[in-house]
1. Between a first residue in the stretch 40-64 that is closer than 16 Å to PRO78 by Cα and among the β-branched types (Val, Ile, Thr) and a second residue that is in a loop (DSSP other than H, G, I, E, B) and open to solvent by less than 40 Å² (accessible area, probe 1.4 Å), which pairs have beta carbons less than 8 Å apart while being 6 or more apart in sequence or on different chains?
2. Looking only at the stretch 224-245, which residues are over 16 Å from LEU197 (Cα atoms), part of a strand (DSSP E or B) and in contact with a strand residue (DSSP E or B) (Cβ under 6 Å, 6 or more places away or on another chain)?
3. Being at negative phi, touching a residue at least 12 places away in the same chain (Cβ under 8 Å), in contact with a Pro (Cβ under 8 Å, 6 or more places away or on another chain) and crowded, with 21+ Cβ neighbours inside 10 Å narrows it down to one residue among GLY93, GLY155, GLY130, GLY125; which is it?
4. Go through the stretch 87-108 and give me each residue that's of a type outside the set (S, T, N, Q) and touching a Ser or Thr at 6+ places or on another chain (Cβ under 9 Å).
5. (1) touching a Ser or Thr at 6+ places or on another chain (Cβ under 9 Å); (2) assigned to a loop (DSSP other than H, G, I, E, B); (3) at pLDDT below 90; (4) not charged (D, E, K, R): which one isn't true of ASN15, the others all being true?
6. Only residues that are among the hydrophobic types (A, V, I, L, M, F, W, C), buried (at least 18 other Cβ atoms within 10 Å of the Cβ) and within 13 Å of GLY153 (Cα to Cα): list them for the stretch 163-197, please.
7. Looking only at residues that are of a type in the set (Val, Ile, Thr) and more than 22 Å from ASN169 (Cβ to Cβ) in the stretch 198-255, which one is surrounded by the most Cβ atoms within 10 Å (Cβ to Cβ)?
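The values are calculated or read from the model by the stated rules, or taken from the named source; none is laboratory data. All figures in this text were calculated on a predicted structure; none of them were measured in a lab. Here the Cβ positions follow ideal geometry from the backbone for every residue, glycine too, while neighbour counts run over all protein chains shown. These accessible areas exclude ligands, DNA and RNA; they are computed on the full protein's heavy atoms, side chains included. Shrake-Rupley method; radii C 1.70, N 1.55, O 1.52, S 1.80 Å.
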Amino acid sequence: MRFFLLAISFFGFVNFSNAQIINWTGGTDTNFYNVKNWDNTSIDFANLITVDLIIGAGSPNNPANLGFTGTETMAKRPRTFTTNTGANITITGTFFPNGLSTLNGTINVDALAAQFSMRNTAYLGKGASGILNINAGKVLVKNAFYIGNATGGNGLVTVNAGTSLEIGNSLEIGTGVGDPIGDLRIKGGTVSVETALNIGPNGHAFISGTGKLIVTGNKEAVIKSYIKSRAVSCTVGKTLEVLFDGTKTTVRIKA
């Protein structure tokens, strides 16, 4: 047993020590897969499992084609994924960060084939400003998703018509210490949440058009209280309805 525990500790240490941090520079063009745009030109896009990818403001170019498009054999899976203030990225294919995702700057999901699937907890606007525009395709978060986090945090998500945001745990809008700001705008798209919707004092969710917010379980009382306090609202002149079908609670504009 002692040997087994030592082996776990050893291999855990080896895995950690082998992690690489690779930063986007953008010195050549906007091609995410051009090795000359990274500070380590030995980057292997087919094997990012031990790589912590960091993207800041490009000098001068920003990446415009994250994610595989069907011509490659696997999705791109970095160990962790971070975008810093000044970043401006566009996701057009399938991109699956395995660990934590910390997103500041601007992230655009911009193609019907785009699938930005974060396989752990994700933070948008953590201690800074973060904007996520879902213009086409879909975004998935396996665990909790924080829109606005920590002191100075300010997160904005826009879910446009025909797109979706799927969250495998709780959706946290402007919650936690530091009074972060969180703003979710469901403009015709669909947001699905598996466990809980929590909205802090500086958090807000807005629904327009055919937009829907769906939360697993009977969340009628909680959501109605958010509507009463204006933490959840809709287009002026419209009314929100809250419907529980025995499995899920749906919030949408009343027809």
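1. ILE49/PRO78; THR50/ALA19; VAL51/ALA19; VAL51/ILE43; VAL51/PRO78; ILE55/PRO63; ILE55/ALA87
2. CYS234, LEU240
3. Just one listed residue meets the conditions, GLY155.
4. Result: ALA87, ILE89, GLY93, PHE95, PHE96, PRO97, GLY99, LEU100, LEU103, GLY105, ILE107.
5. (2)
6. Narrowing the stretch 163-197 to residues among the hydrophobic types (A, V, I, L, M, F, W, C): 165, 167, 171, 173, 177, 181, 184, 186, 191, 193, 196-197.
From what's left, buried (at least 18 other Cβ atoms within 10 Å of the Cβ): 165, 167, 171, 173, 181, 184, 186, 191, 193, 197.
Within the stretch 163-197, ILE173, ILE181 qualify.
7. The initial filter retains those residues of the stretch 198-255 that are of a type in the set (Val, Ile, Thr), namely 199, 207, 210, 214-216, 222-223, 227, 232, 235-236, 239, 242, 247, 249-251, 253.
Going one step further and asking which of them are more than 22 Å from ASN169 (Cβ to Cβ), we end up with 210, 227, 235-236, 239, 253.
Numbers: THR210: 15, ILE227: 18, THR235: 14, VAL236: 6, THR239: 10, ILE253: 16.
Within the stretch 198-255, the match that is surrounded by the most Cβ atoms within 10 Å (Cβ to Cβ) is ILE227.
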